């Protein structure tokens, strides 16, 4: 970009995207992991969250736990002013977990494609796989995201 006397030099319109990609490549790499635990309470059951009528861990809570693990896996590695938002989920909830038991969600970042982050998720209880799947998140500028969503920054 040439600088002309008396003119303000402007960056090309895609500078933000290029900068975000460079920051992403420097800070986020496959292999990042996190583990999050939850001891199931009555508030976590399918009955309580409206996803069924049985008093066992509800699938929406399994998903929330899985997403919490993905957030934790990247939290300390995000570029300043950035956050991630969920964009796609594939989850297989295989086994019931009664109230009082503790489940653990393990997230592993497996792919970074520009702003797209892909995680493999495994949720276990007592050595048994309760759920597994894949969560995709997008890296976004927090302020710009909230502006576009119509919320406060």
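If the condition is being in a helix (DSSP H, G or I) and touching a residue at least 40 places away in the same chain (Cβ under 8 Å), then region 27-58 contributes 27, 42, 44.
Yes/no matrix, rows are residues, columns are (1) modelled with pLDDT under 95; (2) under 19 Å from residue 59 (Cα atoms); (3) surrounded by 15 or more Cβ atoms within 10 Å (Cβ to Cβ); (4) out of contact with any strand residue (DSSP E or B) (no Cβ under 8 Å at 6 or more places or on another chain):
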site	(1), (2), (3), (4)
130	no, yes, yes, no
133	no, yes, yes, no
138	no, no, yes, no
147	yes, no, no, yes
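Restricting to region 68-84, name every residue that is surrounded by fewer than 21 Cβ atoms within 10 Å (Cβ to Cβ), assigned to a helix (DSSP H, G or I) and either touching a residue at least 40 places away in the same chain (Cβ under 8 Å) or under 12 Å from the mean Cα position of the chain (by Cα) (or both). Within region 68-84, 68, 71, 72, 75, 77 qualify.
Count of region 85-119 residues, restricted to those that are more than 20 Å from residue 55 (Cα to Cα), surrounded by fewer than 17 Cβ atoms within 10 Å (Cβ to Cβ) and either without any contact (Cβ under 8 Å) to a residue 40 or more places away in the chain or out of contact with any helix residue (DSSP H, G or I) (no Cβ under 9 Å at 6 or more places or on another chain) (or both), is 7.
The values are calculated or read from the model by the stated rules, or taken from the named source; none is laboratory data. Remember, it's a predicted structure, so these values are computed and weren't measured experimentally. Reconstructed Cβ throughout: ideal geometry from the backbone, glycine too, with neighbour counts over all protein chains shown.
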